[in-house]
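Only one structure is covered here, and it is reproduced in the block below.
Just so you know, all these numbers are worked out from the coordinates, no wet-lab data involved. Computed from a prediction, not measured in an experiment: that's the story for all the values here. Heads up, the Cβs are rebuilt from the backbone with ideal geometry, glycines too, and the neighbour counts pull from every protein chain shown.
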Amino acid sequence: MGVMVCEEQRVHISDIRDLVRAAFGQNDEARLVDRLRDAGALPVSMVLVVDGEVVAHASASPMSWGSRTAEILVWALAPVSVKPERQRQGFGSRIVRATIDRCRSAGVEILTVLGNPNYYGRFGFTPASQHSLRIVDANFGDEFMVIELSEGSLSKACGSLRWHSAFDQLEED
Ligand SMILES: CC(C)(COP(=O)(O)OP(=O)(O)OC[C@H]1O[C@@H](n2cnc3c(N)ncnc32)[C@H](O)[C@@H]1OP(=O)(O)O)[C@@H](O)C(=O)NCCC(=O)NCCS
């Protein structure tokens with residue numbers, strides 16, 4: 001089995017769209033990826049390819065501070081998708097780890113994710129609320145999580161964050 005993880009290429013875009021739609025069982029997250037890309041706000045978009053087939057995708061986009069306490073670079077990991085028939089075979093973990101590494105290399109100091117703590121905890125994500133970080137005007141409890149990619153950044157960060165405006169339309173689709 002030939003497994004490759006790499007940055008998305010133009011040739012992957014329609015496969016990514018199909019894969020994200022299939023993973024979530026709806027169009028919203030696939031449209032989100034397209035909107036982020038169109039807005040130039042998809043600095044990291046990784047694919048995992050097995051024997052030529054795009055099996056998993058994960059991307060990250062810049063967040064902004066609602067109330068800023070420090071100049072800290074924060075990106076959001078979203079969405080993460082694995083083809084339904086390929087789930088629970090380790091591909092999700094592999095692409096999440098590759099995306100975290102890519103974000104770290106890009107100089108990201110804190111990466112956030114909204115998801116299941118049982119899943120994302122294994123990568124080192126912890127609830128953002130433990131670090132006085134939250135989303136502007138929302139409370140996602142322990143599902144909004146963060147991981148520190150640059151030592152000391154979490155101890156300096158405090159306040160509220162916004163996803164890129166492409167996320168605003170998520171509920172309107
Ligand atoms: C969530 C998802 C990315 C995980 O990918 P995957 O390749 O199936 O996961 P892995 O094989 O790497 O890991 C499997 C482990 O994750 C757990 N897991 C899988 N999906 C999970 C979920 N939604 N919530 C909690 N745990 C989950 C499994 O129970 C398994 O645990 P174990 O290792 O203790 O047995 C994938 O299931 C998916 O695309 N789901 C639909 C889209 C989605 O919900 N994305 C995440 C939100 S952005």
- Per-residue ³J(HN,Hα) for the stretch 132-137, Karplus 6.51 cos²θ - 1.76 cosθ + 1.60, θ = phi - 60°, Hz, x for Gly and Pro: 6, 10, 8, 8, 3, 6
- What order, most packed first, do the peptides 71-78, 3-10 have when packing is the mean number of other Cβ atoms within 10 Å of each residue? 71-78, 3-10
- Just round it to a whole percent: the fraction of Cα-Cα distances in the chain exceeding 28 Å. 18 percent
- At 222 nm, what helix-only mean residue ellipticity would the chain give, in deg cm²/dmol to the nearest 500, using -39500 (n - 2.57) for each DSSP H run of four or more? -7500 deg cm²/dmol
